1. Can you pull out the residues in the range 13-29 that are within 15 Å of the chain's Cα centre (by Cα) and not in a loop (DSSP other than H, G, I, E, B)?
2. Report, by residue number, each residue of the range 18-27 that is out of contact with any helix residue (DSSP H, G or I) (no Cβ under 8 Å at 6 or more places or on another chain) and surrounded by 14 or more Cβ atoms within 10 Å (Cβ to Cβ).
3. Please enumerate the residues belonging to the range 21-45 that are touching a strand residue (DSSP E or B) at 6+ places or on another chain (Cβ under 9 Å) and farther than 16 Å from residue 63 by Cα.
4. Starting from the range 73-100, take each residue that is under 21 Å from residue 49 (Cβ atoms) and list its partners that are in a loop (DSSP other than H, G, I, E, B) and at pLDDT 90 or above, counting only C-beta distances under 8 angstrom and pairs at least six apart or across chains.
5. Name the residues in the range 1-17 that are exposed (fewer than 15 other Cβ atoms within 10 Å of the Cβ) and either farther than 14 Å from residue 80 by Cα or touching a helix residue (DSSP H, G or I) at 6+ places or on another chain (Cβ under 7 Å) (or both), would you?
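The values are calculated or read from the model by the stated rules, or taken from the named source; none is laboratory data. All figures in this text were calculated on a predicted structure; none of them were measured in a lab. No Cβ is skipped: glycine too gets one built from the backbone with ideal geometry, and neighbour counts run over all protein chains shown.
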């Protein structure tokens, strides 16, 4: 997940090698639709990336089933990844973990950077 985040942070380049075009990075990480915050911290959506601004910083992020997160904040060159477990906990606990994780990233990590 860190490698994917770094690839997007570096606008399609990983370890000095262009993997995808800058145009693709721009396309997938830019506004396509307003979501009315269908996901917390996701007021807008691109292609597979939620897009927003918090604490004066633009970000985009992706999430996977069960609470995997990749958050990219380009202007401060930050990539944050996190995982949760959902297979051994109740749906309510899994949902709480998910919400707590994204809130922690947005309100505790990004704000101090």
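1. 25, 26, 28
2. Scanning the range 18-27 gives a single hit, 24.
3. Scanning the range 21-45 gives 22, 30, 31, 32, 33, 34, 36.
4. Cβ pairs passing all conditions: 81/1; 83/1.
5. Residues satisfying the conditions are 15, 16, 17.
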